Amino acid sequence: MTNWKISTLDRDTADGFVNTVHWTASQTDGEFTTSTYSTVSFTKEDGINYVPYADLTEATVVEWVKASLGEEGVAAVDLALANNIAAQKNPPVATGTPWTA
């Protein structure tokens, strides 16, 4: 399962409008973990329901990010994280020598 977190928000100080969301998504499977970081930018013309800055919750902003990415974008993030975990479990490349020193 992917865990979505909001790292920070950039906002207009005049009206509190959030213009950039910095987000991370991560997955953990036992001892294996992976994450990705990105941003989503908004303009007032995007039509996002304006919520006063002081009233925002992380859940609301995560929904904004997911809506901006769309279903395919969210699925792509989930798949990339899952693939990274799979590669950690079964590395496609290894280093070393077959003999001992």
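The values are calculated or read from the model by the stated rules, or taken from the named source; none is laboratory data. Quick caveat, the model's predicted, so the values are computed rather than measured. Methodologically, a virtual Cβ is constructed for each residue, glycine included, from the backbone with ideal geometry; neighbour enumeration extends over all protein chains shown. Please note that ligands, DNA and RNA were not included when accessible areas were found on the heavy atoms of the full protein model with its side chains. Shrake-Rupley method; radii C 1.70, N 1.55, O 1.52, S 1.80 Å.
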Could you pull out the residue among S38, S68 that is assigned to a helix (DSSP H, G or I) and hydroxyl-bearing (S, T, Y)? S68
Just give me the residues in the range 35-52 being in contact with a strand residue (DSSP E or B) (Cβ under 6 Å, 6 or more places away or on another chain) and either over 12 Å from W4 (Cβ atoms) or aliphatic (A, V, I, L, M) (or both), in sequence order. T39, V40, S41, F42
Does Y50 meet the test of being aromatic (F, W, Y) and over 21 Å from the mean Cα position of the chain (by Cα)? yes
The one condition in (1) without any contact (Cβ under 8 Å) to a residue 40 or more places away in the chain; (2) more than 16 Å from K5 (Cα to Cα); (3) not small (G, A, S) that E63 fails to fulfil: (2)
Filter result for D15 (open to solvent by less than 70 Å² (accessible area, probe 1.4 Å) and in a loop (DSSP other than H, G, I, E, B)): yes
Based on this model, can you work out whether V40 counts as surrounded by 11 or more Cβ atoms within 10 Å (Cβ to Cβ), within 12 Å of the chain's Cα centre (by Cα), farther than 30 Å from N90 by Cα and among the β-branched types (V, I, T)? yes
So in the range 80-94, with the set limited to residues that are hydrophobic (A, V, I, L, M, F, W, C) and touching a residue at least 24 places away in the same chain (Cβ under 8 Å), which one is surrounded by the most Cβ atoms within 10 Å (Cβ to Cβ)? L81
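Yes/no matrix, rows are residues, columns are (1) at positive phi; (2) surrounded by 15 or more Cβ atoms within 10 Å (Cβ to Cβ); (3) assigned to a strand (DSSP E or B):
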site	(1), (2), (3)
W23	no, yes, yes
V61	no, yes, no
D78	no, no, no
G96	yes, no, no
A101	no, no, no
